[in-house]
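Below: one structure, written as structure tokens.
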Amino acid sequence: MDASDSADIIQDSASHRDEAFKHKAAITIAIFSLILAITSLGGSNSTKDMLNSNIEASNLWNFYQAKNSRQTETRLAKDHLDIRLLTANDQKERELIQATIKKYEEAIKRYESEPATGEGKTELVARAKKAEAQRDQALRQDPYFDLAGALLQIAIVLCSVSILSASLMIYRISVGLAALGALLSVNGFTLWVAIPFLG
């Protein structure tokens with residue numbers, strides 16, 4: 001075997017390693033892209049959940065205020081009739097006032113709590129607080145998805161650069177960034193760990 005044969009073998013070996021590296025990096029980019037797609041979906045859903053829950057909470061609190069106003073108006077009307085009942089002399093008038101007072105009292109109770117429809121003040125407060133809790137959870141999730149998405153995009157770019165430059169170091173950095181992005185994405189879904197500057 002002469003020197004030219006040895007050089008050809010070395011060159012073929014290097015070429016084979018380069019092709020294997022490029023193949024591995026291409027598969028890695030596909031995996032990063034898949035994780036990025038899942039992360040983007042989680043981020044998009046958390047944003048939608050945050051907006052929808054915020055709108056729902058706002059609507060429920062507005063409904064609560066409307067019920068509270070109606071309840072107050074009904075109480076005032078009942079109080080007015082209570083005073084009128086004290087001065088009424090006619091029995092029919094007294095009976096009519098008492099019947100109206102009873103209707104007002106029932107309405108006041110219904111405004112306070114109406115489990116059948118879920119639209120009493122008590123039920124509206126519970127529903128609004130639940131919507132606020134859902135909004136707050138989505139608000140805590142969103143920064144994790146944002147940072148994870150950014151890290152995964154950087155990892156994809158670096159992995160692409162590693163193919164062009166045949167740099168194992170750049171490839172390893174991209175894998176490290178993608179792993180961190182994947183962990184942040186999982187934390188966005190689960191909220192297992194609260195990272196102070198993100199939440």
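The values are calculated or read from the model by the stated rules, or taken from the named source; none is laboratory data. Computed from a predicted structure; not experimentally measured. Note that we place each Cβ from the backbone using ideal geometry, even for glycine, and neighbour counts take in every protein chain shown. In case anyone asks, the SASA skips ligands and DNA or RNA and just uses the protein heavy atoms, side chains included. Shrake-Rupley method; radii C 1.70, N 1.55, O 1.52, S 1.80 Å.
Quick one: which residues, 5+ away or cross-chain, put their amide H under 5 Å from the amide H of GLY120? H built at 1.01 Å from N.
GLU114
Helix 3-87 versus the longest principal axis of the chain: what is the Cα-based angle in degrees, 0 to 90, to the nearest 10?
It is inclined by approximately 10 degrees.
Per residue of region 135-142, what does 6.51 cos²θ - 1.76 cosθ + 1.60 with θ = phi - 60° give for ³J(HN,Hα)? Whole Hz please, x for Gly and Pro, Karplus curve as stated.
The phi angles translate into 4, 5, 5, 4, 5, 6, 6, 3 Hz.
For region 114-162 and region 57-96, what is the separation of their Cα centres, given in Å?
Taking the Cα centre of region 57-96 as reference, the centre of region 114-162 is 41 Å away.
Relative to the longest principal Cα axis of the chain, at what angle does helix 91-112 sit, 0 to 90 degrees, rounded to 10?
So the inclination is approximately 10 degrees.
Using Cα pairs closer than 8 Å and at least 6 residues apart in sequence, work out the relative contact order for region 21-150, in percent.
Relative contact order comes out at 43 percent.
Can you give the angle from 0 to 90° between the axis of helix 168-190 and the longest principal axis of the chain, with both taken from C-alpha atoms, to the nearest 10?
The helix 168-190 is inclined about 20 degrees to the chain.
How large is the helix-only mean residue ellipticity at 222 nm for the chain, computed as the sum of -39500 (n - 2.57) over DSSP H runs with n ≥ 4, divided by its residue count, in deg cm²/dmol to the nearest 500?
-32500 deg cm²/dmol
What per residue convex hull volume, in Å³, comes out for region 88-182 when only alpha-carbon positions are used?
That works out to 105 Å³ per residue.
Suppose all protein chains stay in the model; what accessible area per residue would a 1.4 Å probe give for the chain, in Å²?
64 Å²
Compute the distance in nm between two label points, each set 7 Å from the Cα along the Cα-to-Cβ direction, one at ARG17 and one at SER58.
Placing both labels 7 Å beyond Cα along the Cβ direction yields 6.1 nm.
Please report Rg (one decimal) and Dmax (integer) in Å for the Cα set of region 142-199.
For region 142-199, the Cα radius of gyration and maximum Cα-Cα distance read 12.8, 38 Å.
Take every Cα-Cα distance within the chain, group them into 10 Å bins from 0 onward, and report for each bin the whole-number percent of pairs it holds.
Whole-percent P(r) values from 0 Å outward: 8, 20, 15, 13, 11, 10, 8, 6, 4, 3, 1, 1, 0, 0.
For the chain: lysine pairs with Cα atoms under 22 Å, gap of 8 or more or different chains, count?
Lysine pairs meeting both conditions in the chain amount to 22.
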